[in-house]
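The values are calculated or read from the model by the stated rules, or taken from the named source; none is laboratory data. What you see is a predicted model, and the numbers here were worked out from it, not measured in a lab. Counting neighbours? That spans all protein chains shown, and the Cβs are built from the backbone with ideal geometry, glycine included. The protein model used for the area step is the full one, side chains on, heavy atoms only, and it has no ligands, DNA or RNA in it. Shrake-Rupley method; radii C 1.70, N 1.55, O 1.52, S 1.80 Å.
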Amino acid sequence: MTSTIQRAELQAKIWKIANDVRGSVDGWDFKQFVLGTLFYRFISENFTNYIQGGDESVGYANLSDDVITPEIKDDAIKTKGYFIYPSQLFVNVAAKANTNPNLNTDLKAIFDAIESSANGYPSEPDIKGLFADFDTTSTRLGNTVENKNSRLAAVIKGVAELVFGNFEDSQIDLFGDAYEFLISNYAANAGKSGGEFFTPQHVSKLIAQLAMHKQTTVNKIYDPAAGSGSLLLQAKKHFDNHIIEEGFYGQEINHTTYNLARMNMFLHNINYDKFNIALGDTLRFPHFGDEKPFDAIVSNPPYSVNWIGDGDPTLINDDRYAPAGVLAPKSKADFAFVLHALSYLSGKGRAAIVCFPGIFYRGGAEQKIRKYLIDNNFIETVISLAPNLFFGTSIAVNILVLSKHKTDNKTQFIDASGEEFFRKVTNNNILDEAHIEKIMHIFDSKKDIEHVVKSVYNNIIAENDYNLSVSSYIDTKDIREKIDIVELNNEISITVEKIDVLRADINSIIKEIEA
């Protein structure tokens, strides 16, 4: 089965589950039950494969819980980070879901048991609260136990029938696809996007390649606004596992999305000891200060969100913001994320950050921060992308590439908004592999191309009030039809003569009629 067909079938079936089963439940809320069930199935199958060691004759799902010794359980938790007894496996719960009068409470007990199995082990913080958003007793599922169980059983049956093949062999981000697909179908009606923004996989791929360009190895990769983890996972997909030596790090402020990011790590077989996703406000309460610096940073932070800014006078002394001498505006935290990323970046690495275009030309504090970045030669490239690449916004965003190891005193500007850099699909635009390769080639070569790319000396940028808008340095190609003025004037003269003759003829006819 090709990845395209697999993706189409997956989306059609998941939409049917989500739409048919949810009833009157808000789809945005109900997606947690679909994705939570999908995750429960995956970790059950993944754990079974681990216990069986590739030998299906072991039949772990058919064993009695009593045969599990403390030694087996201890060893499994140290390796996988959690433990699932045979009776707790998805396949066994699914087999009895339709007839189990205690399904909702049994599921809650199973989820609690899986999470608590990690208590006292190094994996505890990575497992704790994973199922927090899968509230099997929620009134959103129904007002009676029977209603709750009926809806849960329908979701479980639907997920049980999905055909994934082997997760590890899959060439597409199945869980990410499911998440993105559900959001794209619900968010428009729900009016929600920012807090749980998902970076489309084609854009994620470009960002990951920019951050890891020409690095044969990176110590670790970091996303300060991790969302569901899609940017981190694209780095894993693009490079062999051994190239990212110490693993995947991220911080996310939204609790639901934080849980999805951790689920996504497990779902892509990134073990608990190879990822560290933290919950919290990156700008005020950052994690991983002791872990920095990072060789690769990727991020799509929320655009122009409010933050406390100078409302907290201690932040100006924070070593992330202090060097710029000014804090990002309270109503526009964009540059706070940029300065945070710069602070966490190693001397050999790159940070690739999706940015709202306004931060590159507005005055005030944002101009002062741009001055700091340019005067210290931290900006390698600003890339202008096409509009409609992201769900939830039609704006043409920019990608800012930061580097601390530049060998010249120039900043590269790339206009990748032209039709040769994207493909239109219904109401959205897509970056195909060829488009990404073209952008990466331009980024790497650093050669100027008229109307597309130009490297500008930083002193020129300083003279231009530190304006970093791509359009300020790259002229848009004039695609208007060339007109020969002399020829046009001749044609107009001939036309005027014809009109004069017609007028004379009409006047003659009118005089004859009046006579």
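Tabulated data for the structure shown
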quantity	calculated
The chain: angle of helix 485-514 to the longest principal axis, Cα-based, in degrees nearest 10	70 degrees
³J(HN,Hα), Karplus 6.51/-1.76/1.60, whole Hz, each residue of the stretch 407-422, x for Gly, Pro	9, 10, 10, 10, 10, 8, 10, 10, 9, 9, 9, x, 4, 6, 10, 7
Correct choice for Kirkwood radius over Cα pairs in Å that was computed from the model, options (i) 25.8; (ii) 24.3; (iii) 24.9	(i)
Degrees between helix 145-161 axis and first principal axis of the chain (Cα, 0 to 90, nearest 10)	70 degrees
Sequence ranges 228-234, 105-111, 411-417, ranked by mean other-Cβ count within 10 angstrom, highest first	228-234, 411-417, 105-111
Cα gyration tensor category, rounded, prolate or oblate, for the stretch 307-366 with a/c compared to 1.5	oblate
Relative packing of 315-324, 395-404, 444-453, which averages over residues the other C-beta atoms within 10 Å, highest first	395-404, 315-324, 444-453
Contact order relative to length of the chain, as percent, for alpha carbon pairs under 8 angstrom and 6 or more apart	10 percent
Theoretical gain in end-to-end length, Asp448 to Asp465 [0.36 nm per residue, Cα-Cα removed]	3.9 nm
Per-pair calculated FRET efficiency, R0 = 35 Å: Lys237 and Asn100 via Cβ, rounded to 0.05	0.40
On Cα atoms only, tilt of 174-190 relative to the major axis of the chain in degrees	60 degrees
Surface accessible to a 1.4 Å probe, per residue, for the residues of the stretch 210-329, Å²	37 Å²
Residues whose placed amide H lies under 5 Å from that of Val453, excluding near-sequence neighbours	Asp415
Accessible area of the chain belonging to carbon and sulfur atoms, whole % at 1.4 Å probe	50 percent
Distance (nanometres) between label positions extended 7 Å along Cα→Cβ at Asp20 and Asn317	6.2 nm
Charge tally in the Cβ shell below 15 Å around Ala113, where Lys, Arg are +1 and Asp, Glu are -1, Ala113 excluded	-1
Where the stretch 436-515 is the region considered: accessible area per residue in Å², 1.4 Å probe	79 Å²
Extension gain, Thr426 back to Ile5 (0.36 nm per residue minus Cα-Cα distance, nm)	149.7 nm
Leu63-Gln215 FRET efficiency (beta carbon distance; Förster radius 45 Å; 0.05 resolution)	0.50
Vicinal HN-Hα couplings computed from phi for the stretch 396-406 (Karplus, 6.51 cos²θ - 1.76 cosθ + 1.60; Hz; Gly/Pro x)	8, 7, 10, 10, 9, 10, 9, 8, 10, 10, 5
Size of charge dipole - the stretch 276-396 - debye, nearest 20, with Cβ of Lys, Arg +1 and Asp, Glu -1, no other charges	320 debye
Rounded to the nearest 10 Å², the accessible area of Thr407 at probe 1.4 Å	140 Å²
Packing-based ranking, highest mean first, of 294-303, 273-282 given that Cβ atoms within 10 Å are counted	294-303, 273-282
Ranking by accessible area, most exposed first, for Phe360, Phe285 with a 1.4 Å probe	Phe285, Phe360
J(HN,Hα) series, the stretch 344-358, from Karplus relation 6.51 cos²θ - 1.76 cosθ + 1.60, nearest Hz, glycine and proline x	8, 7, 7, x, 9, x, 9, 10, 10, 10, 6, 10, 6, x, x
Contour excess over end-to-end distance, with Cα ends at Asp484 and His405 and 0.36 nm allotted per residue	23.4 nm
